[in-house]
Amino acid sequence: MEPLMMGDPAQVGPYQLTGRLGANELGQAYAGRHPAGASVTVTVLHPHLAADPQVRARFRTDVNDARRAAGPYVLPVDADTEGPAPWVASAGPDVATLATAVTGLGPLPPNQLRDVAVALTGALAGAQQAGVRLAGLEPSAVFMTPEGPRLAPFGIAHAVPGAGGGDPDAVYSLGAALYFAATGRPPAPASAGWQPGPPPIADPVLGLLIADCLSAQPAARPTVHDLLGRLNGGPPQGGVPLAGVPLGGVPMPGAPAIPAIPAQRPWWRDVPASVVATAVTLALFAVFILTAGSSGHDDFSVKPPAGATATGLPSLPSFDGSLPSDGSTDPGASGGSDSGSDDGSDDDPSDVSGIPSASPTQDDPIATAQAGDCFDNSGTEQTADLTPTVCAPRTFKVVQVLQGTTATSGCDRLPGDDWNVSYSSQNLVLCLSYQYENGTAYHATAGTCVYGDSATSDWDELQCQTGAFTVQQRITGTTDGSRCKGLRNNDWAEHFGVSGRSDLDVTLCLSMVYPDDAGHAVLNQCMHFSGSSTHPSLHAAKCGSANVIVTGRTPKYNDSKFCGNDAWATWRPNNYPELSYTLCYRYR
């Protein structure tokens, strides 16, 4: 923030201005304060825009549309559209958005993720009830207030005739925002035709809901009414509902009762003090970006903040709690072997040894560890040196705590388990999952589907579909793809290396999901043909019931000359031309 300059107003409306935050195409943004003490960001239109009747009319419309979207989970809008210098007030520079919070502190814990889902669904339901569509529902428009997540509607709310009906685009945007909040990464764009699978979160109901919102087919996405019912089917994970606050303002006709946001301790208060400065810096920097305009790209880049009344606007709470982070560790910690391999072997408890440490206390982060906590390891595979941290890429998340034992074999077969650490003094074992930084496919299991644009791109799990890859086997402790060669229909081996920890390396043996069985057909194989010559469908069949036989195959796409006078089928996947084929066949 910069000091006010000569010519800057000292006050706009009820707000005393305290500094300059930057300018964008709309106007000059200032930091301000309401007489009641709340901090705000006030954007004053540029003089040449204020003098333009068309711009002023558009500004007035945007303010009115935003006010129509009002509801318990929508920040109210304070603005002056008729004065000589029109302005709009939004959340202050000390209120983090969902975008800056996740970027600075990592994905949200499950209960807070559900709070965001309930709030955004309620905001969307209230807007549709008022005949308003939300175009641009993104993490940068969601403010993480102490009272819970709140949507800022200015600039994204638009009154549209017939908006009370379904809005698949808004539902997709809601799903994309939740996917980002759950993983720290935006989903693959629907325009690419991919259907992401549920994000790897502890709440299976919410995970499937997010995946359904991101359906590549707009007609397959749930309606807001459906979302309300599904969220109502699983109560918030703790806390006391806010009394007398219905979700989304006026209930939708025929809609079921809606759960309220639980009033509980904000998740960002329980982070190490070392992270707090980074998070606040990111929040302040993001406000500058928010007021400096956007690039216009269709992604999660921050955009100008939406409006909100200053009265009662909360500020980011002080971080009055932190986890122990003095670097001290239990010398009785011993790293167990990776239990994520597919060979079915159990860890040998005799391999686990440790030196007794001081008696654990309530402040001991190991003794008080719970599923979902995350740790950094500055030690080695065999000698762990764990310190608590915010969940982020390259950290270890606790899958399960085994009490009363030092045998790591109890972690075997736990989903996502990669490394186990036993503590003799605390008489417990931490089953840990490595948080891989380049996509969710690292923990994919046999039978699931994954995809990445190239061998070096991010790879993610998604719903099985043509052009994706089916996981045949997950092999841990290696990046040697030759171990996949003996598998039937193996087409690709994708490697996930972890620097300094070869035991955490993973290789996925993959088989392309072809349009039909022609993709893996071989010479002289009997098949059943249906369809037409231009759109053939070929499926493996016993020779007694088959009507065609394969006469040739080439990895070239659309190579009809290779087949001579025989019929042929061809297909080419995106980004993997080496997995193309032209298959020749003739009637038996």
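The values are calculated or read from the model by the stated rules, or taken from the named source; none is laboratory data. What you see is a predicted model, and the numbers here were worked out from it, not measured in a lab. No Cβ is skipped: glycine too gets one built from the backbone with ideal geometry, and neighbour counts run over all protein chains shown. SASA here: full protein model, heavy atoms, side chains in, ligands and nucleic acids out. Shrake-Rupley method; radii C 1.70, N 1.55, O 1.52, S 1.80 Å.
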Expected vector for the range 27-38, Karplus 3J(HN,Hα) from phi with 6.51, -1.76, 1.60 and θ = phi - 60°, integer Hz, x for Gly and Pro, equals x, 9, 9, 10, 7, x, 9, 7, x, 6, x, 5
Here D for the range 362-464, in µm²/s, from Stokes-Einstein with a Kirkwood Rh over Cα pairs at 10 °C and 1.306 mPa s, works out to 108 µm²/s
Amide H contacts under 5 Å for GLY27, restricted to residues at least 5 apart in sequence or on another chain and with H modeled in the peptide plane, are HIS46
In whole Hz, the Karplus estimates of ³J(HN,Hα) for the range 10-20 (6.51, -1.76, 1.60; θ = phi - 60°; x where Gly or Pro) are 7, 8, 10, x, x, 9, 7, 7, 10, x, 9
Checked the range 82-224 with the C-alpha gyration tensor, a ≥ b ≥ c its square-rooted eigenvalues, rounded below a/c of 1.5, otherwise prolate if a/b is larger than b/c and oblate if not; verdict oblate
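Pop the C-beta distance of ASP52 and LEU487 into the FRET formula with R0 = 60 Å and round what comes out to the nearest 0.05. Before the final figure, lay out each step's value.
Values: r = 66 Å, r/R0 = 1.10.
Plugging the Cβ-Cβ distance into 1/(1 + (r/R0)^6) gives 0.35.
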Inter-part gap, Cα centre of the range 116-160 to Cα centre of the range 488-555, in whole angstrom, is 45 Å
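In the range 412-467, carbon and sulfur make up what percent of the accessible area (probe 1.4 Å)? Could the numbers behind the result be given before it?
Working: 890 of 1940 Å².
Summing carbon and sulfur atoms, their accessible area is 46 percent of the total for the range 412-467.
What length, rounded to one decimal in nm, is gained on full extension from ARG394 through to HIS539, with 0.36 nm per residue of separation minus their alpha-carbon distance? Write down the numbers at each step before the final one.
On the way: separation 145, 0.36 × 145 = 52.20 nm, distance 4.34 nm.
Here the answer is 47.9 nm.
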Expressed in angstrom and ordered largest first, the alpha-carbon extents of the range 436-588 along the principal axes are 56, 28, 26
In nanometres, the difference between 0.36 nm per residue of separation and the alpha-carbon distance of TYR587 and GLU25 is 195.6 nm
Amide H contacts under 5 Å for VAL12, restricted to residues at least 5 apart in sequence or on another chain and with H modeled in the peptide plane, are LEU17
Whole-percent carbon and sulfur contribution to the accessible surface of the range 1-118 (1.4 Å, no ligands, DNA or RNA) stands at 56 percent
Taking max minus min of the Cα coordinates of the range 534-588 on each principal axis, largest first, gives extents in Å of 37, 21, 18
Taking placed amide H atoms and a strict 5 Å upper bound, the residues 5 or more places from VAL548 or on another chain that come that close are MET527, PHE529, ARG588
Heavy-atom accessible area per residue of the range 44-100, all protein chains kept, 1.4 Å probe, expressed in Å², is 41 Å²
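Indicate the gyration tensor shape class of the range 56-114 (rounded, prolate or oblate), computed on the Cα atoms with a ≥ b ≥ c the square roots of the eigenvalues: a/c under 1.5 is rounded; otherwise a/b larger than b/c is prolate and the rest oblate. Intermediate values should be presented prior to the final figure.
Working: a/c = 3.54, a/b = 2.16, b/c = 1.64.
Since a/c reaches 1.5 and a/b is larger than b/c, the shape of the range 56-114 is classed as prolate.
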Pseudo-spin-label distance GLN465 to THR81, built 7 Å along Cα→Cβ, given in nm, is 3.9 nm
Under the Karplus relation with 6.51, -1.76 and 1.60 and θ = phi - 60°, whole-Hz ³J(HN,Hα) for the range 550-562, x at Gly and Pro, equal 6, 10, x, 7, 9, x, 7, 8, 6, 9, 5, 4, 4
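Among residues other than ASN547 whose Cβ falls under 11 Å from its Cβ, what is the net charge (Lys/Arg +1, Asp/Glu -1)?
Working: positive: ARG586, ARG588; negative: none.
That sum, taken over residues with Cβ under 11 Å, equals +2.
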The extension gain from ALA10 to THR405, computed as 0.36 nm times the residue separation minus the Cα-Cα distance, is 135.6 nm
Rounded to one decimal in nm, the spacing of the 7 Å Cα→Cβ label points at GLU578 and SER454 is 1.3 nm
Once both label points are put 7 Å beyond Cα along the C-beta direction, the SER502-ALA135 separation in nm becomes 5.6 nm
Of all C-alpha pairs within the range 1-124, those more than 18 angstrom apart amount in percent to 61 percent
